[in-house]
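Here is the structure we will look at.
The values are calculated or read from the model by the stated rules, or taken from the named source; none is laboratory data. Values in this document were obtained by computation on a predicted structure and should not be read as measured data. Cβ placement follows ideal geometry from the backbone for every residue including glycine, while neighbour counts extend to all protein chains displayed. Note: areas computed on protein heavy atoms with side chains; ligands, DNA, RNA excluded. Shrake-Rupley method; radii C 1.70, N 1.55, O 1.52, S 1.80 Å.
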Amino acid sequence: MKIHESEEMYLETIYLLKKKKSSLRSVDIVEELDYAKSSVSRGMNLLVKKGYITLDKTSGNIAFTKEGENKAKKIYERHLILTKALQKIGADNKTAEENACRIEHVISDELFEIIKNFASK
């Protein structure tokens, strides 16, 4: 199933916010990403439709499905490893962080594995 960059950003954001908060709602994502409520609402509905998250109709709480959590962990791993690799080749922390965030969404699995091996040495 194809996933778009914005969906990956939502999944990664949900993953990171869930590490800080036990109860997470769309408004938390709005505040974190500074996106319009309507954009986040649309994004959450797409993630529900794809089977990555569930939304409690009463409380509005967001929960990962197993597939969604696995996908979010994979995206975050890419971010961490790409940041580390960029720092290893001389990028400062801010530059590495910003560029890793962009690269993580477009890099092939094959190239990511090569970079992962490089970063772990």
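Points to keep in mind about this one:
- Heavy atoms of R25 accessible to a 1.4 Å probe, total area in Å² rounded to 10: 110 Å²
- Of the accessible area of the chain, computed with a 1.4 Å probe over protein heavy atoms only, carbon and sulfur atoms account for 52 percent.
- Near I53, the amide H atoms lying under 5 Å from its own belong to V48, T65; only residues 5 or more places off or on other chains count, and H is placed 1.01 Å from N.
- In sequence order, calculated HN-Hα J values of segment 106-121 (Karplus, 6.51, -1.76, 1.60; Hz; x Gly/Pro): 10, 6, 6, 4, 5, 5, 4, 4, 5, 5, 4, 5, 4, 5, 7, 8
- Accessible surface of E67 - all protein chains present, 1.4 Å probe, nearest 10 Å²: 100 Å²
- Flagged links, alpha-carbon separation over 20 Å, of K37/K74; K66/K121; K19/K74; K73/K116: K37/K74; K66/K121
- The residues neighbouring S59, those whose beta-carbon lies less than 14 Å from its own, together hold a net charge of +1 under the Lys/Arg +1, Asp/Glu -1 convention.
- Projected label distance in nm at L46 and S22, using a 7 Å step from Cα toward the beta-carbon: 3.2 nm
- Using the average count of surrounding beta-carbon atoms within 10 Å as a protection proxy, the listed peptides 114-120, 13-19 rank, highest first, as 13-19, 114-120.
- Placing R0 at 41 angstrom, the Cβ-Cβ distance between T65 and T95 gives a FRET efficiency of 0.75 after rounding to 0.05.
- Here the contact order of the chain, divided by its residue count and restricted to Cα pairs under 8 Å and six or more residues apart, works out to 22 percent.
- Our helix-only sum for the chain, with -39,500 (n - 2.57) per DSSP H run of n ≥ 4 divided by its residues, gives a mean residue ellipticity at 222 nm of -21500 deg cm²/dmol.
- Solvent exposure of segment 55-121 amounts to 64 Å² per residue of accessible area, where only protein heavy atoms count and the probe is 1.4 Å.
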